[in-house]
Amino acid sequence: MISKVRPMTAEVRTAGWLYFLLAARLLLAGMLLSYGVAKLAGLQFGVNDATMQMALKDIDLFRLSWYLADHEPFRSFVGVSQIVTAVLLLYPRTVLIGAFVSIPIWLNILIWDLTFMGDGADVFTVRLSVYLALTGLIIGQERPNVVPALRRMLLTRSLGNYPVWAYLLLPVIAVLIELMGGLLNWGIQSVF
């Protein structure tokens, strides 16, 4: 006896879509976590002794970039950022924050690879583009939470309601704040 195939219901499609997004979150979190841990463990970045013995003019951009990225605190900062973002992507209450925080991470890796890997970046370019697209889909699923937040952010006068002269004075105040930071820096350096 041949049974009829039932048409897919809206509930089944929605459940399937949510399951796909959950898998996407797990993939993105797994990638970020693995790369973050690798950085903290010293397994990513750096060059071998043979490269260190080469003349600078003979070192390709990729190995030079990995040498530079192996310095602290850069390597640890990137690693910790990736791990924290991975954890944010895993929990439903923080997935939106994790998705938004992951965008500059993916873009930074993408631009780094395009800049320093040359022709070898093709595979990574596609992977990172997929990661960005998945991140966009995750944010899109959270649209009911994103749109009101953006609307509040863009339409609310969070800086206050000051007279025009106060806004015109802001660049001068900003320069004074910068000078105070410079004086503080000078004071600390003269003490030590």
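The values are calculated or read from the model by the stated rules, or taken from the named source; none is laboratory data. Since the structure is predicted, the reported quantities are computational estimates derived from the model, not experimental observations. A quick note on method: Cβ atoms are made from the backbone with ideal geometry, for glycine too, and the neighbour counts reach across all protein chains shown. The protein model used for the area step is the full one, side chains on, heavy atoms only, and it has no ligands, DNA or RNA in it. Shrake-Rupley method; radii C 1.70, N 1.55, O 1.52, S 1.80 Å.
Is it possible to state the helix-based mean residue ellipticity at 222 nm for the chain, with each DSSP H run of 4+ residues giving -39500 (n - 2.57), the sum divided by total residues, to the nearest 500 deg cm²/dmol? What is it?
Values: 8 runs with 144 residues, N = 192.
After summing the helix terms and dividing by residue count, I get -25500 deg cm²/dmol.
Accessible area of residue 43 (1.4 Å probe, protein heavy atoms only, ligands and nucleic acids ignored): about 140 Å². The Cα atoms of segment 59-192 define a convex hull whose projected area, averaged across directions, is 13.6 nm². For segment 47-114, the relative contact order is 18 percent, taking Cα pairs closer than 8 Å that sit 6 or more residues apart in sequence and dividing their mean separation by the residue count. For residue 188, the accessible area of its heavy atoms, probed at 1.4 Å with every protein chain present, is near 90 square angstrom. Summing Cβ point charges (Lys, Arg +1; Asp, Glu -1) relative to the Cα centre of the chain gives a dipole of roughly 1080 debye. In percent, what relative contact order does the chain have, based on Cα pairs under 8 Å that are 6 or more apart in sequence? Reported relative contact order: 19 percent. Projecting the Cα atoms of 73, 140, 40 onto the charge dipole of the chain (Cβ charges, centred on the Cα centre) puts 140 farthest toward the positive pole. Roughly how far apart, in whole Å, are the Cα centres of segment 53-120 and segment 141-192? If you average the Cα positions of each part, the centres end up 28 Å apart. Taken as entire DSSP H runs, the helices of the chain that both span 18 Å or more between Cα atoms along their own long axis and average 0.0 or more on the Kyte-Doolittle scale are 10-40, 74-90, 95-116, 122-141, 164-191.
Gaussian network model of the chain, Cα springs within a sub-10 Å range: biggest mean-square fluctuation belongs to which of 145, 161, 108? Looking only at 145, 161, 108, the biggest GNM fluctuation is shown by 161. Segment 25-115 gives an Rg/Rh value of 1.06, both radii derived from C-alpha positions and Rh following Kirkwood.
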